[in-house]
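The values are calculated or read from the model by the stated rules, or taken from the named source; none is laboratory data. None of these values were measured; they are calculated from a predicted model. When we count neighbours, we look across all protein chains shown, and the Cβ atoms used for this are built from the backbone with ideal geometry, even at glycine.
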Amino acid sequence: ESPPKEPSEGAVIFPQDPALWMGSSLTATCTVSPERGLHANTMYWTLNGKRLPSSTYGLLSTNGLSVTLHRLNGSQQQSGDNLVCHSRDGHVLAGSCLYVGMPPEKPVNLTCWSRNTKDLSCKWTPGGRGETFIKTKYTLKYKLRWYGRERECEDYSTGQRYTCYIPRDLALFTPYEIWVEASNQLGTATSDVITLDILDVVTTDPPDNVHVSRVGELEDQLTVRWGSPPALKDFLFQAKYQIRYRLEDSTEWKLVDDVGNQTSCRLAGLREGTVYFVQVRCNPVGIYGSRKAGIWSDWSHPTAASTPHSEPLQSGSCDPKPGEQNSTLRRELKQFFGWVRKHACGCSGMSIKLYDQWRVWLQKSHKTRNHVGKNNIPFISDKGTARVFYLT
Amino acid sequence: MSGHVKNMCPQLPISQAARTLLSLLLVAAIDSVSAGVVCRKQPCGSSLQISLKLTKLIHKESADLLKTYKVSQGDMSELFCQMSINNVPDPNISGLDPSERMLSIYSHCKAFLPHLKRVTEQQTDLQPPSSSLLSKLSTAQNRTNGLANQINCIYQTLFPNLPIPPEPVDGPTSVPPSQNVFQQKVYGCVVLKRFKEFLSRVTRELRTLKSQVCTRRTTFADTNALS
């Protein structure tokens, strides 16, 4: 048995690493060089490790074998399906990786936004069902509508797929044309072009330092205060705000929309003695004099506060106060001593055992209170002998 | 010294002798520098123990790496990984005495690195960006490089009179030229399989070396006794 040789040493597959449409057919050939002394009718094919039936083979010559595949399924893995030509003893003669899929569909839902007019982020969705089985490359392109050359976005690494980030050098007060090209080995598709002025799609950071506090003793109100986002100071835009709040254990938010550009607001009509979660968000308005609104920021981190109770808490607390605890113990001791005087022969037999016996007696007498009968207590006198006393 | 200088430095006066001692200690702490690697002093046994631990870690990860690799290439028979490919380092450690064997470990680590790098490059084109294979390959490279540096330091300290040959630039360890995708898949498997076998041998070898070259009296002061 000769040792396994390098793949494609003395054997050639055609086509090598092709890209194919789903559902299409393929005829591949494996040709070995005559020096290897192998006959084609001893060779066989596997696809992804599974042996292909010899009914699909074709004998081309003494050293060439073909295989025909119909209605190809999409590739099992992105690195391609393994179509391999073997010699009779299973050794690999050569292999070819098939990329079976579809050309990409037009990307859709292209939207972009700018943070504080400095940069531009865009996101899109792959068209159609999205999955084309073959590695698809997306390129975001943009150019100024009236002049300028086409440029490509370079930073696709912002965590999420189908996003791109343009960090700088963006012109204001002039429209951009933006689109996405999707391409793979089978074809290309281009999204619709969107046109926008950076100043139309501005968003900003959520407000920071959101504080929620009570309004004196008022049970149904809370005051919310926040800071305007620092970036606003650099720009000639104002902000408008929205607040939303919910009960601690509810998922329904209540929206306060008419906050305007103040940085504080009083919430009223709230429930007393309840915890509320509050968030604030910001929209840059009036950028460089325009009256247009921008894009709402994310909501700020939730802040919580509670409204006061209407009455002082009743003293229905569970734990007795320290003074109370002592008096309970004292009372019990008094009962115990009374019982000992009555039923024990003097106090010289005093021990914790005696105390335990008394407790057992207490329980029993509690249970059989309504029974007419006798209570038996085993009793140890100071003489060490057991006696039984009957009590009625 | 004149009076005004004394007044400027009223704090702890460091004597000349102390300063000299401090400098000597600093120099002694940095044992040697080679290939940009600064080696710090450690007792022989614990140096090798650290390298052994690192080797065991890389070895364990290499088993998972090979498994992940195979899964991401699709159903492949074990045959692919056993094919012979030229120029991939063999996993065997050579040499008769401890210095030769340690050197063999070092040069094998260095030899595997460009192949690991090539496999990473190839798989970057073949795998989806979210594939864990790529990060595992990257980790393997970093750790192997670290191990090579450690062995380098230990070698220099134990055998200071034996030079380490420079790394071969275009030698038998150079990576193959461009390959078709199928060849790339096979190549990657062979590299990773041999890499795993190599690490298994290094683990055994380091244990042996530790008992051979590190005795209780072997500190860095006594290394002359060995050469």
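Determine whether A:E1 is at pLDDT below 95 and more than 14 Å from chain B (Cβ to nearest Cβ).
no
Here's a check for you: in region B:52-106, which residue that is away from every other protein chain (no Cβ under 14 Å) and among the small types (G, A, S) is farthest from B:Q122 (Cα to Cα)?
Selected residue: B:S99.
Residue by residue through region A:134-169, note down the ones that are touching a residue at least 12 places away in the same chain (Cβ under 8 Å) and more than 33 Å from the chain's Cα centre (by Cα).
Scanning region A:134-169 gives A:K143, A:L144, A:R145, A:W146.
I need the full set of residues from region A:75-130 which are surrounded by 18 or more Cβ atoms within 10 Å (Cβ to Cβ), more than 14 Å from every other protein chain (Cβ to nearest Cβ), hydroxyl-bearing (S, T, Y) and in contact with a Cys (Cβ under 9 Å, 6 or more places away or on another chain), in order please.
The one that is surrounded by 18 or more Cβ atoms within 10 Å (Cβ to Cβ), more than 14 Å from every other protein chain (Cβ to nearest Cβ), hydroxyl-bearing (S, T, Y) and in contact with a Cys (Cβ under 9 Å, 6 or more places away or on another chain): A:S121.
Taking the residues in region B:119-136 that are touching a residue at least 60 places away in the same chain (Cβ under 8 Å) and touching a Gly at 6+ places or on another chain (Cβ under 9 Å) as candidates, determine which candidate is farthest from A:F133 (Cα to Cα).
Only one residue fits best here, namely B:V119.
Go through region A:15-49 and report how many residues are out of contact with any strand residue (DSSP E or B) (no Cβ under 9 Å at 6 or more places or on another chain) and within 14 Å of another protein chain (Cβ to nearest Cβ).
The total comes to 0.
Tell me yes or no: at least one residue of region A:77-85 is among the hydrophobic types (A, V, I, L, M, F, W, C) and at pLDDT below 90.
No; the residues of region A:77-85 include none that is among the hydrophobic types (A, V, I, L, M, F, W, C) and at pLDDT below 90.
As an exercise: evaluate A:V275 against (1) within 30 Å of A:V201 (Cα to Cα); (2) at pLDDT 90 or above and give the number of the one condition it does not meet.
Going through (1) within 30 Å of A:V201 (Cα to Cα); (2) at pLDDT 90 or above one by one, A:V275 breaks only (1).
Can you list residue pairs whose Cβ atoms sit under 9 Å apart, with the first residue in region A:24-42 being assigned by the TED database to the domain that holds A:P53 and the second being assigned to a helix (DSSP H, G or I) and surrounded by 11 or more Cβ atoms within 10 Å (Cβ to Cβ)? Count only pairs 6 or more apart in sequence or on different chains.
A:C30/A:A40; A:T31/A:A40; A:V32/A:A40
Pick from A:S264, A:S183: which is at pLDDT 90 or above and over 26 Å from A:R115 (Cα atoms)?
A:S183
Given the conditions (1) part of a loop (DSSP other than H, G, I, E, B); (2) over 15 Å from A:T111 (Cα atoms); (3) of a type outside the set (A, V, I, L, M), report the number of the one that A:K143 does not fulfil.
The one condition A:K143 does not meet is (1).
Give me the pairs: first residue in region B:198-213 and surrounded by 14 or more Cβ atoms within 10 Å (Cβ to Cβ), second residue small (G, A, S) and assigned to a helix (DSSP H, G or I), beta-carbon distance under 7 Å, and six or more apart or on different chains, which are they?
Close Cβ pairs (under 7 Å, with a partner that is small (G, A, S) and assigned to a helix (DSSP H, G or I)) amount to B:L199/B:S62; B:L206/B:S51; B:K210/B:G45.
Suppose the filter is crowded, with 18+ Cβ neighbours inside 10 Å, closer than 19 Å to B:S99 by Cα, out of contact with any Leu (no Cβ under 8 Å at 6 or more places or on another chain) and not β-branched (V, I, T); does B:N161 pass it?
Answer is no for this residue.
Please indicate, with yes or no, whether at least one residue in region B:110-125 is within 14 Å of chain A (Cβ to nearest Cβ), within 30 Å of A:Q16 (Cβ to Cβ) and aliphatic (A, V, I, L, M).
Yes, region B:110-125 contains a residue that is within 14 Å of chain A (Cβ to nearest Cβ), within 30 Å of A:Q16 (Cβ to Cβ) and aliphatic (A, V, I, L, M).
A quick yes/no check of all residues on (1) touching a helix residue (DSSP H, G or I) at 6+ places or on another chain (Cβ under 6 Å); (2) over 30 Å from B:S130 (Cα atoms):
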position	(1), (2)
A:T27	no, yes
A:T31	no, yes
A:L47	no, no
A:Y57	no, yes
A:S61	no, yes
A:Q76	no, no
A:S79	yes, no
A:L83	no, no
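Scan region A:222-251 for residues that are surrounded by fewer than 16 Cβ atoms within 10 Å (Cβ to Cβ) and assigned to a loop (DSSP other than H, G, I, E, B) and report the count.
Matching residues across region A:222-251 total 5.
When you scan region B:149-157, do you find a residue that is out of contact with any Ser or Thr (no Cβ under 7 Å at 6 or more places or on another chain), aliphatic (A, V, I, L, M) and more than 14 Å from every other protein chain (Cβ to nearest Cβ), even just one?
no
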